[in-house]
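Visitor: Can you keep this structure in mind? I'll have questions shortly.
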Amino acid sequence: MSSHNASTGADRPSRPGSAVSLSGAVAAALPPGAASAPPSDEAMIRAAIEAAQTADPRDVPVGAVVFDSSGRELARAANAREALGDPTAHAEVLALRAAAQVMGDGWRLENATLAVTLEPCTMCAGALVLSRVGKLVFGAWEPKTGAVGSLWDVVRDRRLNHRPQVRGGVLEAECAALLDNFFRSQRP
């Protein structure tokens, strides 16, 4: 149930520490040393909630933020499936793509933390495993499509060569309220 917003390679920052903002999509990086201590899981989810609030009104408000091992924000994104007409434009995928551009080391996001307002789907769970994210923190559980324990558990599959740390249910009520309000507004 993820749809999202971020930056493409053509829009990537010319140097780490610059910020990019694209039509409804957001990818930002703070200057090196901006964070003295890694933020708490709750603070990271609050940043993801802020990202979700930037989603196009047609998109499900899911937000994702990637932090490096020192707690520096690398990228943030909101669902943009409807806005971009792209079935893969989930917040997690867009944020991971933008963070990889900021890191400048290809696709590896080792020791990074992905904070997202909703339990990732199979596509997003696979993307975070393949990008070698070190930790996943998420808010609301997704019993219909969740792939981090609800329906499937892609990130803990022992057959895979990478398994991130996971903490789910962080600020769950606040994250669920974003979705409840969105879907309530969609009903006649």
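Visitor: Average projected area of the Cα convex hull of the stretch 52-123, in nm²?
Guide: Dividing the Cα hull surface by four gives the mean projection, 4.8 nm².
Visitor: Using the Cβ atoms and a cut-off under 15 Å, what net charge is assigned to the surroundings of H162, where Lys and Arg are +1 and Asp and Glu are -1?
Guide: +4
Visitor: Between the DSSP loop rule and a limit of at most 15 other Cβ atoms within 10 Å, which chymotrypsin sites (Phe, Trp or Tyr not before Pro) in the stretch 53-143 are left?
Guide: W107
Visitor: With r as the distance between the Cβ atoms of E174 and R132 and R0 = 22 Å, compute the FRET efficiency 1/(1 + (r/R0)^6) and round to 0.05.
Guide: The computed FRET efficiency comes out at 0.15.
Visitor: Please go through the stretch 123-188 and write out the trypsin sites (Lys or Arg not before Pro) that DSSP classes as loop and that have at most 14 other C-beta atoms within 10 Å.
Guide: In loop regions of the stretch 123-188 (DSSP not H, G, I, E or B), the sparsely surrounded trypsin sites (Lys or Arg not before Pro) are K144, R158, R159.
Visitor: Suppose each label sits 7 Å from its Cα in the direction of the beta carbon; what would the R167-S40 distance come out to in nanometres?
Guide: 0.9 nm
Visitor: Hey, another quick one. Measuring from label point to label point, each 7 Å out along Cα→Cβ, what is the R58 to Q186 span in nm?
Guide: 1.3 nm
Visitor: Next question, about the same structure. Find how many whole Å separate the alpha carbon centroid of the stretch 151-188 from the alpha carbon centroid of the stretch 81-140.
Guide: 13 Å
Visitor: Based solely on C-alpha atoms, express the radius of gyration and the Dmax of the stretch 55-176 in angstrom.
Guide: Reported Rg and Dmax, both Å: 13.2, 39.
Visitor: Percent relative contact order of the stretch 106-188, based on C-alpha pairs within less than 8 angstrom and at least six residues apart?
Guide: Reported as a whole number, the value is 30 percent.
Each reported figure results from applying straightforward, stated rules to the coordinates on display, with no laboratory input. Because the structure is a prediction, the values reported are computed rather than measured. Quick reminder, even Gly has a Cβ in these numbers, built from the backbone with ideal geometry, and neighbours come from all protein chains shown.
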